[in-house]
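Values in this text are rule-based calculations from the coordinates and carry no lab data. Small disclaimer: the values here were computed from a predicted structure and weren't measured. Virtual Cβ from ideal backbone geometry, glycine too; neighbours counted across all protein chains shown.
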């Protein structure tokens with residue numbers, strides 16, 4: 001499994017709009033191997049939207065960027081982004097919530 | 001729901017040891033409101049362990065630091081940490097994987 005955490009910089013006052021675009025229901029994501037995709041906000045960093053994702057694999061995550069739902073969401077959000085993004089991905093080793 | 005992403009700095013060569021401590025099965029976490037707790041590694045940043053967590057609330061996340069399982073894991077890992085940690089939490093707005 002592969003995890004990503006992302007800070008998406010947005011133009012002033014646009015965080016709620018961008019977050020709403022990113023949480024539109026998309027069953028294509030789960031079908032493509034997405035297990036978790038949580039979108040959020042931090043009152044202390046209002047010009048950003050935060051995302052944590054879990055995917056079956058790094059390859060599944062990369063391939064999903066070509067999904068129509070994902071391409072549409074990126075195109076819709078682009079005018080409201082500042083371009084100051086930070087993303088990090090890592091390979092999951094395990095979880096205390098399940099047996100190894 | 002509340003999300004956290006953490007980079008835990010570890011002493012050189014100790015990432016696998018620390019990760020193993022953090023993924024010991026703990027049913028107390030789920031009972032305390034933890035929905036996701038994924039531990040991982042990044043080959044490009046070998047002196048760190050990464051964690052993404054989802055909790056029912058920020059309060060549940062904070063209260064869990066007092067759980068015996070969590071206190072034991074912190075105490076066991078402490079000698080192998082570098083002290084260079086970075087953590088970020090945010091309030092979850094929603095997910096494209098479910099209806100709002």
Sequence ranges B:28-37, B:54-63, ranked by mean other-Cβ count within 10 angstrom, highest first: B:28-37, B:54-63
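Relative contact order for chain B: what percent, with Cα pairs under 8 Å and sequence separation of 6 or more?
On the way: 157 pairs, mean separation 44.9, N = 100.
Rounded, it is 45 percent for chain B.
Can you give the FRET efficiency to the nearest 0.05 for residue B:45 and residue B:65, using r as the Cβ-Cβ distance and R₀ = 30 Å?
On the way: r = 25 Å, r/R0 = 0.82.
Efficiency at R0 = 30 Å is approximately 0.75.
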Shielding of B:42-49 by partner chains, average beta-carbon count, 10 Å: 2
Shortest-first distances to equivalent copies, position residue A:87, nm, label 7 Å out along Cβ: 2.7
Helix axis angle, B:68-77 relative to chain B longest principal axis, alpha carbon, degrees: 30
Shortest-first nm distances, residue A:25 label point to equivalent points in other copies (7 Å, Cα→Cβ): 3.6
Shielding by other protein chains, B:22-33, mean Cβ within 10 Å: 3
Copy-to-copy label separations for residue B:72, where each label sits 7 Å from Cα toward Cβ, in nm and ascending: 5.0
Two-site FRET efficiency, residue A:100 against residue A:11, from Cβ-Cβ distance with R₀ of 45 Å, rounded to 0.05: 0.55
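Would you tell me the mean number of C-beta atoms belonging to other protein chains that fall within 10 Å of each C-beta in B:69-76, as a whole number?
Working: counts 1, 1, 0, 0, 1, 0, 0, 0.
Across the residues of B:69-76, the mean count of other-chain Cβ atoms within 10 Å is 0.
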